[in-house]
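One structure below.
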Amino acid sequence: MYQFIKYIVLFLAVSLSLISCKQNQGNKIKVGFSQAMTTDDWRKQMNSSIKIEASLRPEVDLTIKDAHNNVNRQIEDIERFISNKVDVIIVSPIQSKPLTAVVEKSIKAGIPVLVVDRKIEGENYTAYLGADNIEIGRIGARYIISHSKGSGKIVEITGAAGSSPAYERTLGFSQIINENKRFTIVKTIQGDWEKESVKAPMKAVLQQNPDIEYVFAHNDRMALSAWETAKTLGLENKIKFIGVDALNSVNGGIELVKSGVLDGTILYPTGGNEALKLALKIYNKESVSKNNILNTIVIDKNNAEIIENQMDKVDQQQLVIESQQGAIKVQEKEYASQNNLVRLLSFFLVIILSLTVYSIYSTISISRKKKQLERINQTVIDQNSEIQEMAAIASKSNEAKLSFFTGLSHEFKTPITLIMSYVESLIENDKIKGTALIDEVKLIHKNSNRLLRLINQLLDFRKIEEQKFTLRASNIKIYDFTNEVMANFRGEAIRRNIDFQLISKNKNLELFMDNGLMDKVYFNLLSNAFKFTPDNGKITISIVESSDNSVKIHFKDSGIGIPEEEQSNVFNPFFRASNNNKNSSGIGLHLSKEFVLLHKGSIELKSKQGSEFVITLWKGKEHLQPSEIVQKVENQSTIPSLITDNLDLETELKDLNSISDSEKHSLLIIEDNIDLVAFLKAKLSNEYIVNISDGSDAVEKALEIIPDIIICDINLVDKDGYEITKELKKDLRSSHIPIIILTAQSNKESVLKGLQSGVDQYLTKPFSLSILKQSILSLLFNREKLRYYYTNNIYRIEPESKFGNQEQTFITKMNNIIMSNVENPKFSVEELADKLGVSRVQLYRKVKAIIGINISDHINNVKLEKAAELLKSNDMNISEIAYSLGFSTPNYFSTAFKNKFGVSPKEYKTLN
Ligand code: FRU
């Protein structure tokens with residue numbers, strides 16, 4: 001592509017240069033002509049003839065420089081010709097001597113020099129062209145000698161001193177004159193080729209020598225000036241004037257001869273055309289003579305006419321040539337402009353063609369590139385979708401793995417709970433208590449605890465990754481909290497003689513913290529501190545309040561510390577310090593940091609001597625979202641922490657042993673883990689009648705037994721715990737039964753789901769047996785309180801009352817049925833059960849469970865309440881009332897009435 005553009009640009013450049021260069025000036029023959037001056041007609045004619053000659057030769061590039069009769073200027077002109085590297089220089093030197101050097105310089109520079117008209121000194125020039133000036137002088141002298149009839153006195157007027165024609169003409173003239181004794185050169189006037197130089201000296205000569213016969217002037221201009229001077233003295237007709245040049249022009253020599261001013265003039269040809277011809281010969285390296293002499297002739301009244309005619313013809317021819325040249329020039333101009341137009345059009349054509357070619361090329365290459373891009377695009381799309389598919393597969397598989405891993409971790413919890421519960425029992429077992437075994441059992445407990453902690457950490461890690469943690473912060477006294485956590489480590493501190501201290505100035509300082517999460521942070525930092533601090537070392541927790549409303553909790557140990565270059569990584573997941581040889585999952589500190597961040601706090605490590613972790617938390621609760629703040633957690637049992645589980649609780653519960661079966665509450669355990677079932681059965685049988693369901697018949701069994709309380713797992717084969725709870729709570733027959741969910745799923749969503757389905761208590765595995773037992777007792781106690789309320793407010797229970805729930809609705813409905821049948825002696829429990837849509841046994845158990853008495857007694861109670869009401873109204877006597885309410889005898893009525901109200905119906909009537 002670039003190559004192509006390069007070619008196009010080159011092509012255009014060449015086209016442009018072809019158009020702009022009319023003709024290559026560089027190939028022309030450069031001829032430089034240094035003219036002495038152009039003030040007189042002779043010089044003008046010389047220039048004109050050289051120009052005409054040049055115009056006939058298109059290959060010649062002629063430059064004429066006029067020195068204005070200034071020698072220095074002429075030298076400069078020639079210097080410039082040399083530096084411009086002209087091909088040939090033609091010089092008509094003003095003076096001989098001053099111009100010799102520059103001519104020699106040109107020769108040295110390799111530029112040939114043709115000297116015309118006047119000469120330089122010496123021979124160091126290429127060639128000379130001009131008439132023979134010595135001969136001109138001689139011709140002049142001979143003419144005078146042959147025509148003289150008078151005194152023979154002659155005045156010579158010379159050209160400028162220093163110019164060769166003046167010297168040579170004098171030389172030739174005097175040679176001949178001096179040979180003839182009759183002739184005397186009376187005076188040689190030193191002229192300068194121009195008229196003015198003649199006048200004064202001429203006048204003086206004539207005044208002294210009025211008998212002068214001939215004046216020989218070196219040119220016609222000076223001869224005319226002499227004639228004019230003679231005329232002023234009235235001598236013009238007595239004296240004969242001879243000039244040089246013989247120009248065919250106004251006041252030129254020929255005209256002066258014809259008019260009788262001059263007696264004769266000697267032709268001195270300008271040689272302009274010959275000079276150019278000779279210059280070209282020199283340029284073409286043709287052999288030329290050193291001295292090229294132009295012919296000369298005397299013109300007097302005999303031949304002036306003829307010569308003038310000839311010259312006129314030549315002049316006319318020159319004019320024709322000049323006009324032809326002019327015409328040619330016009331045509332050339334036209335040709336040039338047309339040529340330019342053609343070139344311009346060609347140029348544009350070339351541009352259009354180039355652009356067309358380029359646009360075709362571009363279109364093709366663009367379409368090619370487009371196709372290529374489309375292909376690449378398609379490949380990218382394919383690859384992208386492939387990557388997406390792979391990513392989806394990978395994410396699915398990853399998700400599956402993680403779910404499996406999470407599920408498995410959950411699964412671990414039940415067996416660990418069992419192990420720990422059994423171990424707890426063993427620790428409390430009197431047979432083991434005093435023996436050496438107790439230490440080993442405690443070791444099992446400790447390691448089980450550790451295992452459980454690790455599993456919890458793994459689950460927390462997953463939860464943090466899924467951003468499922470929500471802060472549940474409550475106002476906590478940080479000093480007490482710290483002390484409580486520290487209590488778990490005091491034993492180890494004592495055993496290893498570690499100085500374990502808590503320093504705080506303000507024991508009442510309160511912070512909003514999530515108990516459970518901060519507990520894990522503390523436990524982690526302290527575990528690490530104990531892990532890496534040698535025996536007899538020191539571990540200190542200091543709580544320091546800062547002026548900026550923050551609190552810093554320092555965990556400082558005298559352990560091995562963490563290498564400085566690794567310190568920035570300690571909070572990264574799976575980090576393990578290079579100096580740590582102990583087992584470590586590497587997620588504890590990561591979780592700690594995440595938990596602290598959830599509190600909008602920060603955690604940093606300083607490790608110089610030992611390690612020092614500093615947690616910064618903010619006072620108050622402004623930095624937390626309202627949704628992150630909960631009321632003070634009074635009962636930790638929903639999400640129990642093993643750390644805070646106190647084994648001592650167990651002993652108190654032990655006293656609940658040996659209750660007779662009839663007093664025992666019935667319990668239904670819905671759980672498919674046989675080991676857990678066995679454990680719970682073993683632990684609860686003493687206090688409760690334990691029934692078991694593996695979940696496949698959970699609802700059926702519950703409805704059959706109508707237990708006092710249900711303990712139910714969530715992950716069951718047939719229906720899950722939520723569904724079972726929902727069904728039982730919806731069913732009138734079982735809606736009153738408290739349900740405890742016992743599960744490994746401890747996340748907020750699961751707890752919420754459980755509570756939404758109607759569970760009364762949500763316990764997570766690993767659970768503390770003591771907490772489970774306490775929960776059962778609490779729920780039964782609550783049930784008892786409700787029962788008390790129902791029993792004592794049996795007529796006040798209204799569907800809209802604040803206790804409005806399934807049970808209330810049931811009791812209200814039941815009471816209404818009883819009331820409307822209160823005077824029906826045949827109204828039976830079966831009929832009531834039928835109307836309520838439950839079986840007789842279910843009705844019996846439900847009523848017993850809700851209000852604590854059997855249904856027949858309840859019906860009787862209702863009747864007796866009604867009787868009391870009737871007694872108050874005074875309308876009926878006691879027997880009437882007894883019969884109307886379906887009592888078999890008035891006596892039985894009276895006994896029953898007295899049992900309930902403590903007074904006989906009679907007494908009741910009188911009292912009211
Ligand atoms: C012209 C002229 C002529 C003379 C010649 C000599 O400038 O003065 O009249 O013949 O120069 O170089």
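The values are calculated or read from the model by the stated rules, or taken from the named source; none is laboratory data. These figures come from a predicted structure and were not determined experimentally. FYI the Cβ positions are ideal-geometry reconstructions off the backbone, even for glycines, and counts take in every protein chain you see. With ligands, DNA and RNA removed, areas are computed over all heavy atoms of the protein, side chains included. Shrake-Rupley method; radii C 1.70, N 1.55, O 1.52, S 1.80 Å.
If you go through the stretch 174-197 one residue at a time, do you hit one that is over 60 Å from the mean Cα position of the chain (by Cα), within 14 Å of the ligand (Cβ to nearest atom) and aliphatic (A, V, I, L, M)? No, every residue in the stretch 174-197 fails to be over 60 Å from the mean Cα position of the chain (by Cα), within 14 Å of the ligand (Cβ to nearest atom) and aliphatic (A, V, I, L, M).
Quick check, is Ser151 part of a helix (DSSP H, G or I) and not β-branched (Val, Ile, Thr)? Spelling it out, it is not the case that Ser151 is part of a helix (DSSP H, G or I) and not β-branched (Val, Ile, Thr).
Report yes if Gly162 is more than 12 Å from the ligand (Cβ to nearest atom), in the same structural domain as Glu213 (by TED's automatic domain parsing) and modelled with pLDDT under 95, otherwise no.
Numbers: more than 12 Å from the ligand (Cβ to nearest atom): no; in the same structural domain as Glu213 (by TED's automatic domain parsing): yes; modelled with pLDDT under 95: yes.
Judged against the criteria, Gly162 is not a match.
Residues in the stretch 220-251 that are in contact with a helix residue (DSSP H, G or I) (Cβ under 7 Å, 6 or more places away or on another chain), part of a helix (DSSP H, G or I) and not hydroxyl-bearing (Ser, Thr, Tyr): Asp220, Met222, Leu224, Ala226, Ala230.
Within the stretch 65-94, the set of residues being under 27 Å from Tyr268 (Cβ atoms) and either modelled with pLDDT under 95 or basic (Lys, Arg) (or both) comprises Lys65, Arg73. Among the residues making up the stretch 812-830, a single one is in a helix (DSSP H, G or I), surrounded by 14 or more Cβ atoms within 10 Å (Cβ to Cβ) and out of contact with any helix residue (DSSP H, G or I) (no Cβ under 7 Å at 6 or more places or on another chain): Thr812. You will find that of Ile741, Ile689, the residue that is open to solvent by 40 Å² or more (accessible area, probe 1.4 Å) and not assigned by TED's automatic domain parsing to the domain that holds Arg840 is Ile689 and no other.
Has the stretch 713-726 got at least one residue that is in contact with a Phe, Trp or Tyr (Cβ under 8 Å, 6 or more places away or on another chain) and surrounded by 19 or more Cβ atoms within 10 Å (Cβ to Cβ)?
Filtering the stretch 713-726 for residues in contact with a Phe, Trp or Tyr (Cβ under 8 Å, 6 or more places away or on another chain) gives 714.
Filter once more, so that each one left must be surrounded by 19 or more Cβ atoms within 10 Å (Cβ to Cβ): 714.
Taking every residue of the stretch 713-726 in turn, at least one turns out to be in contact with a Phe, Trp or Tyr (Cβ under 8 Å, 6 or more places away or on another chain) and surrounded by 19 or more Cβ atoms within 10 Å (Cβ to Cβ).
Within the stretch 669-707, the set of residues being part of a helix (DSSP H, G or I) and within 14 Å of Leu742 (Cα to Cα) comprises Leu676, Val677, Phe679, Leu680.
Hey, could you check the stretch 227-252 for residues that are within 16 Å of the ligand (Cβ to nearest atom) and within 21 Å of Ile212 (Cα to Cα) and say which is most open to solvent (accessible area, probe 1.4 Å)? Once the filter is applied, the top-ranked residue is Trp227.
Residues that are part of a strand (DSSP E or B), surrounded by 16 or more Cβ atoms within 10 Å (Cβ to Cβ) and touching a His at 6+ places or on another chain (Cβ under 6 Å): does the stretch 546-567 have at least one? The answer is no; no qualifying residue exists.
Go through the stretch 208-223 and give me each residue that's within 16 Å of the ligand (Cβ to nearest atom), touching a Lys or Arg at 6+ places or on another chain (Cβ under 8 Å) and closer than 17 Å to Ile177 by Cβ.
Within the stretch 208-223, the subset within 16 Å of the ligand (Cβ to nearest atom) is 215-223.
Now drop any that are not touching a Lys or Arg at 6+ places or on another chain (Cβ under 8 Å), which leaves 215, 218, 221-222.
Result: Val215, His218.
Would you check which residues across the stretch 44-68 are in contact (Cβ under 8 Å) with a residue 40 or more places away in the chain and within 16 Å of the ligand (Cβ to nearest atom) and list them? Within the stretch 44-68, Gln45, Met46, Asn47, Ser48, Ser49, Ile50 meet the criteria.
When Arg80 is tested against (1) in a helix (DSSP H, G or I); (2) within 16 Å of the ligand (Cβ to nearest atom); (3) among the charged types (D, E, K, R), exactly one condition is not met: (2).
For the stretch 79-105, the set of residues classified as without any contact (Cβ under 8 Å) to a residue 60 or more places away in the chain, of a type in the set (Gly, Ala, Ser) and surrounded by fewer than 24 Cβ atoms within 10 Å (Cβ to Cβ) consists of Ser83, Ala101, listed by residue number. On the basis of being modelled with pLDDT under 90, over 39 Å from the mean Cα position of the chain (by Cα) and in a helix (DSSP H, G or I), does Ala392 make the cut? In short, no. Among the residues of the stretch 26-43, those identified as more than 8 Å from the ligand (Cβ to nearest atom) and outside any strand (DSSP E or B) are Gly26, Asn27, Lys28, Thr38, Asp41.
When Gly620 is tested against (1) of a type outside the set (Val, Ile, Thr); (2) assigned to a loop (DSSP other than H, G, I, E, B); (3) open to solvent by 40 Å² or more (accessible area, probe 1.4 Å); (4) modelled with pLDDT of 90 or more, only condition (3) is not met.
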